[in-house]
Amino acid sequence: MTSVAGSRGIPTTMRASVLRGVADVELEERPVPAPGSGEVLVRVTAVGVCGSDVHYYEHGRLGQFVVESPLVLGHEAGGRVEAVGAGVRSLVPGQRVSLEPGVPCRTCLQCLAGRYNLCPDIAFFATPPYDGAFTEFVVLPEAFVFAVPDSVSDDAAALLEPLSVGVWACRRGGVAPGCRVLVTGAGPIGLICAQAARAYGASQVWISDVNPRRLALAAQLGAVPLDVTHRSVREWGVEADVLLECSGNSRATTEAIRTLARAGRVVLIGMGADEVPMPLPYIQGRELWLTGAFRYANTWPTAIDLVASGRVDLDALVTGHFGLADTEKALTAAKRDAGTVKVIVQPQR
Ligand SMILES: [Zn+2]
Ligand SMILES: [Zn+2]
């Protein structure tokens, strides 16, 4: 690789935290990848642990994706540009960046239509067979590496990925000024969706959960918390124009749909229940719109702006940091401590 800019001083090997089987993560020494033409080598500084990482760790699979060979987890990542391949113009070594972790084929019908999140051939970090970011260095095409201003912390740069999920959900649901939005589930994605909905102009944002600590955090972030332990969202008197379903809970989903106003919109984001009973007369009589949301497309510039301008606070979600050797502890943090919201792995530690 003679044309790689900034390649001096880059080590030849790196540590990677590898999932070798169910509940089995170990450090491995691997070669540092070289950026090809149009690619960027990034030194990873922060990686958010996602529910999907935990699910792969605990079960070795997620939906139709099965871990059949050793896999590096982690897809919420930020870092610093270490070197750039030939032809890279927008980035230089040393720049702080956030990574969009899915690289679509860019030639299929869905890609050409701009819906590249639906590309059947997308190579997505930490989705078998593609390795993720629990490692010291990764390589990505230039178009999927975004410079961030210094007002965006390393943790926040990593968490622009889940924020992108929230931005995409708001776009899918048509959240706009004056909207009343119900978010079900105050996990990291729910807390992010609630903040994104406010940033998109929603006049009212409720968030439901049974975990008092998460509801307290939701209130701190500007949403109206609804404890649904003894009282349903309907019993709380909610009437919403948009439902952002982030709980993945079948009963919560059915119950929440019944709070929608006429011509309301339902966006299904949470994963969990495969089958959910639908109140059809309610959906038909009110002409509700119902859609799924799968990852995101073209969201990074918006996500960066929402954080840089202070309208979304991602740092408030972070409840712990772990070094690369402690990746397993990071993956089990939520199990050990109910106060866990979002933990970060720092691969340079
Ligand atoms: Zn995630
Ligand atoms: Zn494609």
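The values are calculated or read from the model by the stated rules, or taken from the named source; none is laboratory data. Not measured: the values here are computed from a predicted model. Positions of Cβ are backbone-derived with ideal geometry, glycine not excepted, and every protein chain shown enters the neighbour counts.
Residue check: is G132 modelled with pLDDT of 95 or more, within 16 Å of ligand 1 (Cβ to nearest atom) and part of a loop (DSSP other than H, G, I, E, B)?
When the stated conditions are applied, G132 passes them.
Matching residues to (1) without any contact (Cβ under 8 Å) to a residue 60 or more places away in the chain; (2) under 19 Å from D53 (Cβ atoms); (3) within 17 Å of the chain's Cα centre (by Cα); (4) surrounded by 24 or more Cβ atoms within 10 Å (Cβ to Cβ):
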site	(1), (2), (3), (4)
A77	no, yes, yes, yes
R89	yes, no, no, no
P93	no, no, no, no
L109	yes, no, no, no
A113	yes, no, no, no
A126	no, yes, yes, yes
A143	yes, no, no, no
D150	yes, no, no, no
L159	no, yes, yes, yes
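Pick from segment 298-333 the residues that are of a type in the set (S, T, Y) and in contact with a helix residue (DSSP H, G or I) (Cβ under 7 Å, 6 or more places away or on another chain): which of them is surrounded by the most Cβ atoms within 10 Å (Cβ to Cβ)?
By that ranking, first place goes to T299.
What is the residue count in segment 95-107 for residues that are more than 8 Å from ligand 2 (Cβ to nearest atom) and either basic (K, R) or without any contact (Cβ under 8 Å) to a residue 60 or more places away in the chain (or both)?
Selection size over segment 95-107: 3.
So if I check each of V205, V224, which one is more than 16 Å from ligand 1 (Cβ to nearest atom) and crowded, with 21+ Cβ neighbours inside 10 Å?
Every option except V205 fails the conditions.
Would you please list the contacts, defined by Cβ atoms under 7 Å and residues six or more apart or on different chains, that run from a residue in segment 165-185 that is closer than 23 Å to W300 by Cα to a residue that is among the hydroxyl-bearing types (S, T, Y) and within 16 Å of ligand 1 (Cβ to nearest atom)?
V165/Y296; V167/Y296; V167/T299; W168/Y296; W168/T299
Which count do you get for residues in segment 167-186 that are within 30 Å of T45 (Cβ to Cβ) and in contact with a strand residue (DSSP E or B) (Cβ under 8 Å, 6 or more places away or on another chain)?
Total satisfying the criteria: 5.
Return the residue satisfying two criteria in turn: it lies in segment 35-60 and is closer than 24 Å to F322 by Cα and part of a strand (DSSP E or B), and of such residues it is farthest from ligand 1 (Cβ to nearest atom).
Checked segment 35-60; the qualifying residue farthest from ligand 1 (Cβ to nearest atom) is L41.
Take segment 104-122 and flag every residue that is outside any helix (DSSP H, G or I) and either polar (S, T, N, Q) or away from ligand 1 (no atom under 16 Å from the Cβ) (or both).
Residues satisfying the conditions are P104, C105, R106, T107, C108, A113, G114, R115, C119, P120, D121.
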